[in-house]
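Novice: First the structure, then my questions, so here it is.
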Amino acid sequence: MPLTPEVVTADRAVVARLASLDVSFVPDEEAWFTIDGIEDPRQIGSNGTGGAFVLLPSQKVLYVSSEGRAGIIADSFEAFVQLVVARPYWLDILKFSGGGDLQEMRRAAEALEATLDDEDEINAAREEIHRSLDLGKAADPVGALYEAIAASDAIVRATDGSPFTTLFNRFSIDNNPMLRNAAA
């Protein structure tokens, strides 16, 4: 059986563990963005920064940030859950992507993993989610994230019609002393 939002939300323990990884399966009540070519986008959840997760008709998962950035982050719902479990700081990987450089993203992932404050709790959440959902581990979550965003063709617009920009940000971990030192 394929992994779907319904399968995940049926397991309260998994929902709680995913919430600890900053994914809530409670969508916004009002749409604050549109997607070209999609009448009623299926928002499946949100995160603590006000961003929205949307399951597209193609079954790809789109992330729409509250700061005017958007892009496809996973080729399937299962790949989305694998990403969130493997790299709960995936949004920070994009912040420090050096404008969409895969090697910078890998450096950022390494540094961010090294600076986790609640590593034991995150590892426990990872194990429980994998076990409860019989979820395979992503072979290369950072590479898959890069590929999904690089190939993203969804055009997301604010309510005033202005298009959102890419999720890749221009910073690298060298711009952040804490991450720069963690990578050393």
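Novice: Has region 104-124 got at least one residue that is among the polar types (S, T, N, Q) and at pLDDT 95 or above? Outline the logic, then answer.
Specialist: Going residue by residue through region 104-124, those that are among the polar types (S, T, N, Q) are 115, 123.
Right, trim to at pLDDT 95 or above and you get none.
Checked against the condition, which is being among the polar types (S, T, N, Q) and at pLDDT 95 or above, region 104-124 yields no hits at all.
Novice: Also: Please go through region 132-146 and pick out each residue that is open to solvent by 40 Å² or more (accessible area, probe 1.4 Å), in a loop (DSSP other than H, G, I, E, B) and more than 23 Å from E104 (Cα to Cα). Don't jump to the end; show me each part of the working.
Specialist: Restricting attention to region 132-146, the residues satisfying the condition of being open to solvent by 40 Å² or more (accessible area, probe 1.4 Å) are 132, 134, 137, 139-140, 144, 146.
Those still in the list that are in a loop (DSSP other than H, G, I, E, B) too: 134, 137, 139-140.
Answer for region 132-146, where residues must be open to solvent by 40 Å² or more (accessible area, probe 1.4 Å), in a loop (DSSP other than H, G, I, E, B) and more than 23 Å from E104 (Cα to Cα): just D134.
Novice: In region 162-179, how many residues are among the small types (G, A, S) and within 22 Å of the chain's Cα centre (by Cα)? Break it down into steps so the answer makes sense when it comes.
Specialist: As a first pass, look at region 162-179 and keep what is among the small types (G, A, S): 162, 172.
Narrowing the set further to residues that are within 22 Å of the chain's Cα centre (by Cα) leaves 172.
So the answer is 1.
Novice: Within region 148-161, can you find the residues that are under 18 Å from the mean Cα position of the chain (by Cα) and β-branched (V, I, T)? It would help to see each step written out before you state the result.
Specialist: First pass over region 148-161, keeping only residues under 18 Å from the mean Cα position of the chain (by Cα): 148-156.
Listed by number, the residues that qualify are I149, I155, V156.
Novice: Here is a further query. Restricting attention to region 165-184, report how many residues are touching a Phe, Trp or Tyr at 6+ places or on another chain (Cβ under 7 Å) and among the aromatic types (F, W, Y).
Specialist: 1
Novice: Restricting attention to region 16-54, report how many residues are touching a helix residue (DSSP H, G or I) at 6+ places or on another chain (Cβ under 6 Å), open to solvent by 10 Å² or more (accessible area, probe 1.4 Å) and either closer than 15 Å to A125 by Cα or charged (D, E, K, R) (or both).
Specialist: 2
Novice: Here's something else I'd like to know. Check whether at least one residue in region 152-161 is under 24 Å from P5 (Cα atoms), open to solvent by 70 Å² or more (accessible area, probe 1.4 Å) and not polar (S, T, N, Q), and report yes or no.
Specialist: yes
Novice: I'm trying to understand the selection: among the residues of region 163-184, which are surrounded by fewer than 14 Cβ atoms within 10 Å (Cβ to Cβ), assigned to a loop (DSSP other than H, G, I, E, B) and touching a residue at least 40 places away in the same chain (Cβ under 8 Å)?
Specialist: Correct list: R170 only.
Novice: Another question about this same structure. In region 49-77, how many are closer than 20 Å to E6 by Cα and of a type in the set (D, E)?
Specialist: Of the residues in that region, 1 qualify.
Novice: A further question follows. Could you tell me which of the residues I122, I149, I129, I93 is in a helix (DSSP H, G or I), in contact with a Leu (Cβ under 8 Å, 6 or more places away or on another chain) and surrounded by fewer than 20 Cβ atoms within 10 Å (Cβ to Cβ)?
Specialist: Values: I149 fails: surrounded by fewer than 20 Cβ atoms within 10 Å (Cβ to Cβ); I129 fails: surrounded by fewer than 20 Cβ atoms within 10 Å (Cβ to Cβ); I93 fails: surrounded by fewer than 20 Cβ atoms within 10 Å (Cβ to Cβ).
Residue meeting the stated conditions: I122.
Novice: Determine if region 63-83 includes at least one residue that is over 17 Å from N175 (Cα atoms), hydroxyl-bearing (S, T, Y) and touching a helix residue (DSSP H, G or I) at 6+ places or on another chain (Cβ under 7 Å).
Specialist: Taking every residue of region 63-83 in turn, none turns out to be over 17 Å from N175 (Cα atoms), hydroxyl-bearing (S, T, Y) and touching a helix residue (DSSP H, G or I) at 6+ places or on another chain (Cβ under 7 Å).
Novice: Scan region 107-119 for residues that are open to solvent by 70 Å² or more (accessible area, probe 1.4 Å) and part of a loop (DSSP other than H, G, I, E, B) and jot them down.
Specialist: Selection gives D117 alone.
The values are calculated or read from the model by the stated rules, or taken from the named source; none is laboratory data. Fair warning: this is a prediction, and the values are worked out from it, not measured in the lab. Cβ coordinates were reconstructed from backbone atoms using ideal geometry, including for glycine residues, and neighbour counts include every protein chain displayed. The accessibility values were calculated without ligands, DNA or RNA, using every heavy atom of the protein model including side chains. Shrake-Rupley method; radii C 1.70, N 1.55, O 1.52, S 1.80 Å.
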